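Trainee: Below is the structure I would like to discuss, written out as structure tokens.
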Amino acid sequence: MTSLRIAFCYLHDFLAATHAVWLREVLRMLRDSGQIVGAFSRPVLWVMIFGIGLTPYFRTGLRETTFMVPFPYIQFILPAVVVLNLMYPAIQSAVSLIWDRVFGFSREVFASPTPRSAVFLGKLLGGSTIAMFQGLVVMILLPAANVPVSYASLSAALVPMMTVALAFTAIGLFLASRMSSFQGFGVFANTLILPAFFLASSIFPLDPSLSMEQALQSFPAWLVFLVHANPVTYAIDELRWAMLGYRQFDPVTARAVLSAFVIIPVLMAYYVFRR
């Protein structure tokens, strides 16, 4: 009984510390009006500028069109905008780690009996919660894009969304654990987010009817390789399947890649964070 009581007390303290760190991250976001405005304005601008602006070039009958997606382009781009709205807040949430280190909050936390694993888990879940909130904001635009909304589609969309949120929060924590300046972190974050997003078949579709050999004839080999090696490609593809019933890539490969995309960054971030 004594050992069980000790284990229960440890678990209770661990969860309490994790909850405290998680709540601090979420409250920081809620008190930052800039993040709230960005969560709403970013998807609206992307959908309005790209979704509506490029729709005429994906209509049947135009000579410029070489591949038509089986639905309006605004619907094609919407899952990609969801992922973009997940990536930015997820990786940027790790800025709080640099902030805490600069202003001494980290020293106070790590000097306490609080396990570092609880602090790490709290920050990981806090950043993921912030990202999920901003990703779900984009779902408000589904009726405007004539995307059918159902509990089944929304539930299926949560899995790839959580994958992206956890992975990019972990990547942000990994970078922030090795950096001491806000400027350096911002440069690395943007250098990572933009190529990962644009090389994910997010804005322009790759024709799924083409074999690998045909794709290599149409596109540079390095571009085809990067698109297929990019985990964000499969996250967007899984979201399109959940929201539109349309996919470009093999689902088994997609889920294997996404599983590794969560596990590897989390383990790397935790290893660096403990040091």
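The values are calculated or read from the model by the stated rules, or taken from the named source; none is laboratory data. Being a predicted model, the structure only gives us computed values, none of them experimental. Cβ sites come from the backbone with ideal geometry, for glycine too, and all protein chains shown count toward neighbours. Side chains are part of the model used for accessible areas, which takes the heavy atoms of the whole protein and leaves out ligands, DNA and RNA. Shrake-Rupley method; radii C 1.70, N 1.55, O 1.52, S 1.80 Å.
Trainee: Which of the residues spanning the stretch 171-187 are within 16 Å of the chain's Cα centre (by Cα) and under 13 Å from SER96 (Cα atoms)?
Mentor: GLY172, LEU173, PHE174, LEU175
Trainee: Answer yes or no as to whether TRP22 is within 30 Å of ALA145 (Cα to Cα), of a type in the set (Phe, Trp, Tyr) and touching a residue at least 12 places away in the same chain (Cβ under 8 Å). So that I can check it myself, show each step before the final result.
Mentor: Numbers: within 30 Å of ALA145 (Cα to Cα): no; of a type in the set (Phe, Trp, Tyr): yes; touching a residue at least 12 places away in the same chain (Cβ under 8 Å): yes.
No, not satisfied.
Trainee: Of the residues PRO79, PRO56, PRO89, which single one is modelled with pLDDT under 65, open to solvent by less than 60 Å² (accessible area, probe 1.4 Å) and part of a helix (DSSP H, G or I)?
Mentor: Step by step, each of PRO79, PRO56, PRO89 is checked, and only PRO56 is modelled with pLDDT under 65, open to solvent by less than 60 Å² (accessible area, probe 1.4 Å) and part of a helix (DSSP H, G or I).
Trainee: Consider TYR234 against the criteria (1) more than 24 Å from LEU136 (Cα to Cα); (2) modelled with pLDDT of 90 or more; (3) among the hydroxyl-bearing types (Ser, Thr, Tyr); (4) within 17 Å of the chain's Cα centre (by Cα): it satisfies all of them except one. Which criterion is unmet?
Mentor: So TYR234 meets the others, but not (1).
Trainee: Of the residues that sit in the stretch 1-49 and are exposed (fewer than 10 other Cβ atoms within 10 Å of the Cβ) and not hydroxyl-bearing (Ser, Thr, Tyr), which one is nearest to PHE76 (Cα to Cα)?
Mentor: As a first pass, look at the stretch 1-49 and keep what is exposed (fewer than 10 other Cβ atoms within 10 Å of the Cβ): 1-5, 31, 33-34.
Adding the requirement that they be not hydroxyl-bearing (Ser, Thr, Tyr) leaves 1, 4-5, 31, 34.
Numbers: MET1: 58, LEU4: 53, ARG5: 54, ARG31: 33, GLY34: 28 Å.
Applying the filter and picking the extreme gives GLY34.
Trainee: Follow-up question, since we're still on this one. For PRO220, which of the numbered conditions (1) surrounded by 13 or more Cβ atoms within 10 Å (Cβ to Cβ); (2) modelled with pLDDT under 85; (3) of a type outside the set (Val, Ile, Thr) fails to hold?
Mentor: (1)
Trainee: Something else about it: Cβ-Cβ under 9 Å, sequence separation 6+ or interchain: first residue in the stretch 32-44 and under 16 Å from ALA90 (Cα atoms) and in contact (Cβ under 8 Å) with a residue 40 or more places away in the chain, partner open to solvent by 60 Å² or more (accessible area, probe 1.4 Å) and part of a helix (DSSP H, G or I). Which pairs?
Mentor: Pairs that qualify, where the first residue is under 16 Å from ALA90 (Cα atoms) and in contact (Cβ under 8 Å) with a residue 40 or more places away in the chain and the partner is open to solvent by 60 Å² or more (accessible area, probe 1.4 Å) and part of a helix (DSSP H, G or I), are GLN35/ARG28; GLN35/GLN92; ALA39/PHE133; PHE40/ILE140; PRO43/ILE140.
Trainee: Additional query: Here are some conditions: (1) buried (at least 22 other Cβ atoms within 10 Å of the Cβ); (2) within 20 Å of SER41 (Cβ to Cβ). LEU142 meets all but one. Which one does it not meet?
Mentor: All conditions are met except number (1).
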